[in-house]
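Each remark here refers to the structure printed beneath this line.
Readers should treat all values here as calculations from the given coordinates under stated rules, not as data from a laboratory. Everything numeric in this text was worked out from a predicted model, so none of it was measured. Using ideal geometry, Cβ is built from the backbone for each residue, glycine included, and neighbour counts are taken over all protein chains shown.
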Ligand code: SF4
């Protein structure tokens with residue numbers, strides 16, 4: 001049996017390496033100017049070639065999105081991109097525009113094509129149509145429920161199916177949205193979404209603009225602002241067996257724009273969960289997995305449209321901004337087992353009072369920030385973004401009082417190695433009740 005794939009976003013080369021380190025089976029990337037994300041989340045050719053080589057060495061596949069709705073002026077770039085991607089050995093191209101599809105076929109008719117969720121595939125006949133065109137995989141629309149998903153996968157078993165299981169959701173149908181273009185001139189369909197659906201809005205009666213209407217009240221009085229257009233984030237971790245039973249072979253996590261910390265935490269959590277779901281018996285989500293997902297940036301979680309047709313799904317919480325209890329402190333540059341210390345490349349302010357946690361693929365270790373030193377070994381109490389600092393870490397944790405605070409269900413004993421690129425997070429504060 002072909003095992004289901006955990007597919008993780010890789011916004012740049014560092015995130016690709018992070019995804020591989022924490023357990024992705026495959027990653028998806030952008031490509032300069034052609035993949036519905038701003039340049040901050042797109043690869044140049046050289047980085048992508050390096051990423052493909054490194055990922056393949058670990059048995060991880062790399063798919064690249066060329067899912068822009070191309071204008072005539074972009075077609076030359078598309079053609080060039082396809083040639084380049086084909087040469088570096090990309091494992092699949094994700095697209096939604098039939099014109100781009102045609103160009104991929106013209107350049108390399110053996111290159112696997114994955115149809116993006118932006119193509120809104122919602123029924124069996126549409127899947128058959130794309131199969132006849134030679135599409136190998138379809139990213140099904142998030143608006144389907146799992147019953148419809150199962151009907152589709154059973155009807156066209158020769159097609160591979162991918163489904164989003166985690167991450168932010170658009171309030172517009174399959175992300176086809178004009179809000180950003182209308183309000184800011186930056187179009188989501190050209191990869192430049194400014195996320196205005198996440199902003200706060202007022203409801204105003206036309207003749208009384210000076211008196212905005214309150215949409216919600218709380219015990220302290222009125223709350224005039226409201227996130228009325230914003231969806232909670234998708235989270236299907238509790239229902240992975242149901243997702244697999246519906247015939248999905250690739251479980252996709254959203255978030256090419258998210259941080260390296262998000263990639264580490266969400267990848268390892270879904271790795272643990274998918275391994276457990278594949279085993280198939282008494283699947284349940286332990287408290288520490290939920291806790292992990294609560295420690296990354298989120299807007300509260302929902303199961304979206306997947307569970308039932310009549311479910312209230314795209315809940316918009318009138319008083320809910322982003323929630324995040326931990327943030328990126330830095331990444332491991334090197335571990336020195338002789339000196340029993342790790343060299344941290346700080347990416348945010350780190351102080352001697354911070355609660356620091358080192359994320360490893362199978363476990364989490366507390367770090368003692370009060371013993372932080374500079375590279376010369378002198379104690380310091382503060383490290384700013386860009387500093388390189390040492391933190392003590394021994395792998396005989398009991399002897400040195402370090403604590404394992406949570407971890408996966410597939411742990412093979414204590415890790416003997418602290419990999420370069422491992423993520424260290426810091427506590428930011430409790431989420432609002
Ligand atoms: S504004 Fe919101 S709904 Fe529209 S494309 Fe951007 S993220 Fe999606």
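Per-residue ellipticity at 222 nm for the chain, helices alone: DSSP H runs ≥ 4 residues times -39500 (n - 2.57), over residue total, nearest 500 deg cm²/dmol? Walk me through the intermediate numbers first.
Numbers: 11 runs with 110 residues, N = 433.
Helices in the chain give a 222 nm mean residue ellipticity of -7500 deg cm²/dmol.
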Just 376, 167, 92 to compare: in a GNM of the chain, with alpha carbon springs under 10 Å, which one fluctuates most? 376
Need one number: nm distance between label points at residue 394 and residue 32, each 7 Å from Cα along Cα→Cβ, rounded to one decimal. 5.0 nm
Between residue 129 and residue 291, what is 0.36 nm times their sequence separation minus the Cα-Cα distance? Round to one decimal in nm. 54.1 nm
Return the single residue from 14, 158, 242 with maximal mean-square fluctuation; model: Gaussian network over the chain, springs between Cα atoms under 10 Å. 158
Label-point separation (nm) for residue 340 and residue 378, each offset 7 Å from Cα along Cα-to-Cβ? 2.6 nm
Can you give the log10 of the normalised intensity I(q)/I(0) at q = 0.09 Å⁻¹, computed with Debye over equal Cα scatterers of the chain? -0.62
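Can you check how the C-alpha radius of gyration of the stretch 27-156 compares to 2.2 N^0.38 Å, as a plain ratio? Each step should come with its number before you reach the end.
On the way: Rg = 14.9 Å, N = 130, 2.2 N^0.38 = 14.0 Å.
With N residues counted in the stretch 27-156, Rg over 2.2 N^0.38 Å equals 1.06.
Which of 331, 338 has the fewest other C-beta atoms within 10 Å, and how do the rest follow up to the most?
Details: 331 22, 338 5.
Final ranking by Cβ density, sparse to dense: 338, 331.
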Return the distance in nm (one decimal) between the two label points of a simple spin-label model at residue 208 and residue 86, each offset 7 Å from Cα along Cα→Cβ. 6.5 nm
Placing one equal point scatterer on each C-alpha of the stretch 254-303 and summing with Debye, one gets log10 I(q)/I(0) at q = 0.22, 0.32 Å⁻¹ equal to -0.87, -1.29
per DSSP, antiparallel bridges as share of beta bridges in the chain, % nearest 5, sits at 60 percent
By how many nm would the segment from residue 106 to residue 353 grow when fully extended, if each residue of separation counts as 0.36 nm and the alpha-carbon distance is taken off? 83.0 nm
Ranked list, fewest to most other Cβ atoms within 10 Å of each Cβ, for 270, 227, 283, 306: 283, 227, 306, 270
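What full-extension length gain, to one decimal in nm, is calculated for residue 76 and residue 56 as 0.36 nm per residue of separation minus the Cα-Cα distance? Can you show the working numbers first?
Numbers: separation 20, 0.36 × 20 = 7.20 nm, distance 2.85 nm.
Using 0.36 nm per residue and subtracting the Cα-Cα distance, I get 4.3 nm.
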Neighbour-count ranking for 239, 22 (other C-beta within 10 angstrom, fewest to most) reads 239, 22
